[in-house]
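Presented below is the structure to which this report refers.
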Amino acid sequence: MKMRHTFAVSLFCLFSALVAAPACALPITAEVESFIAEMQAQDFAPESVRRSLEITEMDETVLRLIGARPKPGAKATKPVRSWRAYRKRFLGAGHIDNGVEFYQENRQTLERAAKQYGVPPEIIVGIIGVETYYGRNTGNFETLSALATLAFYHPRRGELFREQLADLFLLARAEGRSVESYTGSFAGAIGYPQFLPGSIRKYGVDFDGNGHIDLEESVEDAIGSVANYLASYGWQRGAPVAEKLQGDISAAKAQALVQRGIEPVIEPKEITRAGLRTRHGDPAQTATLVDLPTPGERTEYWAGYHNFYVITRYNRSSFYAMAVFQLAEAVKNGL
């Protein structure tokens with residue numbers, strides 16, 4: 001870590017970050033001082049917060065990875081949605097086989113979480129598998145530096161990340177840990193389930209009963225916390241998640257239904273009248289129409305029910321929710 005000394009040093013660090021170096025000492029600007037004052041209102045000693053931020057790094061790599069800074073020389077391109085390419089990242093033999101192993105190793109904890117929160121064990125496994133490959137890829141960015149960088153240098157979402165930075169200080173205090181001790185993703189997500197600090201404070205569960213919530217080292221806490229998160233968003237015990245649809249639908253009709261949004265508000269008869277159906281006829285209940293396009297291939301359509309919508313509260317992407325669901329089903333079938 002580098003200590004901040006003078007304004008000239010800050011200018012040098014900024015120039016270095018733009019030219020070569022990915023990180024430099026975080027300048028203590030007026031905005032940072034305002035944050036320190038906000039934390040003082042939460043009973044933090046301002047000298048302590050300032051000292052932590054003074055040894056924090058402003059990391060250009062974080063800004064590039066989150067899309068707030070373009071890679072030098074890169075041209076802006078519109079991403080192409082490809083379900084086949086996305087699915088391949090999470091539904092290969094490695095994810096399935098390791099998911100089965102993770103399930104078997106943690107069966108008792110998974111079943112306890114399922115009983116308490118109503119979320120099927122395989123869905124919990126699917127979330128952790130997609131998020132971090134069962135804890136293998138949790139990230140090695142210092143959480144304090146990542147969140148401070150985003151809090152004070154993200155051009156659009158700084159306010160959100162300032163809230164998460166404050167939550168990190170509050171979380172560390174509650175857990176009796178140093179605020180500098182957390183590591184995770186470039187976006188500030190932590191542990192097996194990649195919870196942001198605010199989510200840990202709100203949904204984290206001490207599921208191993210040791211008096212602490214530790215999503216980095218305790219797989220039991222991670223399992224209980226994922227189940228609690230989904231239950232808090234209204235997971236319906238025993239209800240379906242999604243069903244694949246058959247039939248033909250025009251592009252215009254499909255687009256009109258997809259644009260109704262991710263919430264499951266489309267009546268079953270509407271989907272059937274548009275030309276799509278499940279193996280049994282009408283969808284089981286009100287749904288969202290999930291489109292899974294792959295360039296050069298026929299688009300897959302699914303009926304996504306309430307529990308599918310709940311998974312999208314974890315990550316607001318239909319691709320993500322479908323990958324979790326299909327990985328969960330593959331793991332269950334592999335037991």
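The values are calculated or read from the model by the stated rules, or taken from the named source; none is laboratory data. No experiment lies behind these values; they were computed from the predicted model shown. Positions of Cβ are generated from backbone atoms using ideal geometry, with glycine treated the same way; all protein chains shown enter the neighbour counts.
Here are a few things to note about the model shown:
- The condition of being closer than 30 Å to Pro240 by Cβ and either touching a Cys at 6+ places or on another chain (Cβ under 7 Å) or not in a helix (DSSP H, G or I) (or both) holds for only one of Val100, Val119, Val130, Val125, that being Val119.
Each row is one residue, and each column tells you yes or no for (1) within 26 Å of the chain's Cα centre (by Cα); (2) crowded, with 22+ Cβ neighbours inside 10 Å; (3) farther than 21 Å from Glu329 by Cα.
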residue: Ser199; (1), (2), (3): yes, no, yes
residue: Lys202; (1), (2), (3): yes, no, yes
residue: Val226; (1), (2), (3): yes, yes, no
residue: Ala231; (1), (2), (3): yes, no, no
residue: Gly275; (1), (2), (3): no, no, yes
residue: Leu292; (1), (2), (3): yes, no, no
residue: Glu300; (1), (2), (3): yes, no, no
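- Helices (runs of 4 or more DSSP H) contained entirely in segment 158-263, each with at least 3 residues that are touching a residue at least 60 places away in the same chain (Cβ under 8 Å) and not assigned by TED's automatic domain parsing to the domain that holds Pro293: 158-175, 219-232
Listed here are the residues, each with its yes/no results for (1) out of contact with any Leu (no Cβ under 9 Å at 6 or more places or on another chain); (2) surrounded by 16 or more Cβ atoms within 10 Å (Cβ to Cβ).
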position: Gly99; (1), (2): no, yes
position: Gln104; (1), (2): no, no
position: Gln116; (1), (2): yes, no
position: Ile124; (1), (2): no, yes
position: Asn140; (1), (2): yes, no
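- Pairs where the first residue, in segment 62-73, is more than 13 Å from Leu147 (Cα to Cα) and of a type outside the set (Gly, Ala, Ser) and the second is at pLDDT below 80 and surrounded by 10 or more Cβ atoms within 10 Å (Cβ to Cβ), C-beta under 9 Å, 6+ apart: Arg64/Pro22; Arg64/Pro70; Pro72/Leu18
- Single residue of segment 154-169 satisfying the filter (farther than 16 Å from Ser199 by Cα and in contact with a Phe, Trp or Tyr (Cβ under 9 Å, 6 or more places away or on another chain)) that is surrounded by the most Cβ atoms within 10 Å (Cβ to Cβ): His154
- Flag for Arg136 being surrounded by fewer than 16 Cβ atoms within 10 Å (Cβ to Cβ) and either within 18 Å of the chain's Cα centre (by Cα) or at positive phi (or both): yes
- When each of Pro268, Pro264 is tested for being more than 30 Å from Tyr133 (Cβ to Cβ), surrounded by 15 or more Cβ atoms within 10 Å (Cβ to Cβ) and touching a Ser or Thr at 6+ places or on another chain (Cβ under 8 Å), the lone residue that passes is Pro268.
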